[in-house]
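Notes for the one structure printed next.
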Amino acid sequence: MNNVDKFIKLVHECDNIVFFGGAGVSTESGIPDFRSPDGLYNQKYKYPPETIISHSFYQRYPEEFYRFYKDKMLYPDAKPGITHLALAKLEKEGKLKAVVTQNIDGLHQKAGSSNVIELHGSVLRNYCERCHKFYGIDKIINSEGIPMCDCGGRIKPDVVLYEEGLDDNNVTNAVNCIKQADMLIVGGTSLGVYPAAGLIDYYRGDKLVLINKSATPYDNRADILINAPLADVFKNFM
Ligand SMILES: [Zn+2]
């Protein structure tokens, strides 16, 4: 039995699965991976994305931040891929309990997943820094320059920028889900980003499944290691 077949068989035996996903889940929907060689780093902006999408850069050069952000970070027409759809299906079947994601595109919810822990926030949610009024993605897309609230305050995406900490409730929630999981599937992440990657250490079971196209520092910890595109694996559940 190959590793994909082993994985499928185990999924059928589990009913408390947690999926932990990274950029590779959304590249299948046409959203580029920050850290891949053909991702955003090779673009023609003056600063690397890591600099522009940082808290200090946002504070000092909000106009330049938003120029990049609107150009490169928003994909309002992106559609869920096979992996998003399969995970939503597994949730409806009572097998999957939570999706923990590093992505900010809201595609898991679009696919129908309801318990999604967004470690890095979502581009679909935006708040006035002064009165905290909520705005959707349209407000950002349709604003010239820096999006401003009716009250005169600046609108900030509910996205965790570089230099900013993760939301405590999100982390606690993710830790609790992972601790209780009978299977933990880690997919589409090179596991290079902390502290998000450290969440895997909370898993106590013996069904750690790692699915990634390239090697990760956690490969030797995996009970099942699959080096393949996520869609090739998850199409089996559709
Ligand atoms: Zn306001």
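The values are calculated or read from the model by the stated rules, or taken from the named source; none is laboratory data. Fair warning: this is a prediction, and the values are worked out from it, not measured in the lab. Cβ sites come from the backbone with ideal geometry, for glycine too, and all protein chains shown count toward neighbours. Just so you know, the surface numbers come from the protein's heavy atoms only, side chains and all, with ligands and any DNA or RNA stripped out. Shrake-Rupley method; radii C 1.70, N 1.55, O 1.52, S 1.80 Å.
So which trypsin sites (Lys or Arg not before Pro) in segment 193-238 pass both tests, a DSSP loop state and at most 16 other Cβ atoms within 10 Å of the Cβ? It would help to have the intermediate numbers written out before the result.
Numbers: sites: R204, K207, K213, R221, K235; in loops: R204, K207, K213.
Answer by residue number: R204, K213.
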Checklist outcome for this item: Of the accessible area of segment 121-183, computed with a 1.4 Å probe and all protein chains kept, carbon and sulfur make up a percent value of 47 percent
Checklist entry - Among the lysines, which have Cα under 26 Å from the Cα of K6 when same-chain residues fewer than 8 positions away are ignored? => result K89, K92, K95, K97, K179, K207, K213, K235
Checklist outcome for this item: Filtered hits (lysines, Cα-Cα < 29 Å from K139, offset >= 8 within chain) -> K44, K46, K70, K72, K79, K110, K156
Checklist entry - Near C14, within a Cβ-to-Cβ distance under 13 Å, what is the net charge of the other residues, with Lys and Arg +1 and Asp and Glu -1? => result -2
Item to check | Relative compactness, the chain, computed as alpha-carbon Rg over 2.2 N^0.38 Å | outcome: 1.04
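Given charges of +1 on the Cβ of Lys and Arg and -1 on the Cβ of Asp and Glu, with all other atoms neutral, how large is the dipole of the chain about its Cα centre, in debye to the nearest 20?
Working: 27 positive and 30 negative charges, 42 e Å.
Rounded to the nearest 20 debye, it is 200 debye.
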Checklist entry - Say a site is exposed when it is one of the GluC sites (Glu not before Pro), sits in a DSSP loop, and has at most 15 other Cβ atoms within 10 Å; what is then the longest site-free stretch of the chain? => result 1-92
Checklist entry - Which of H132, Q180, I200 sits closest to the plus end of the dipole of segment 88-238, meaning its Cα is farthest towards the positive end, when Lys and Arg get +1 and Asp and Glu get -1 on the C-beta? => result Q180
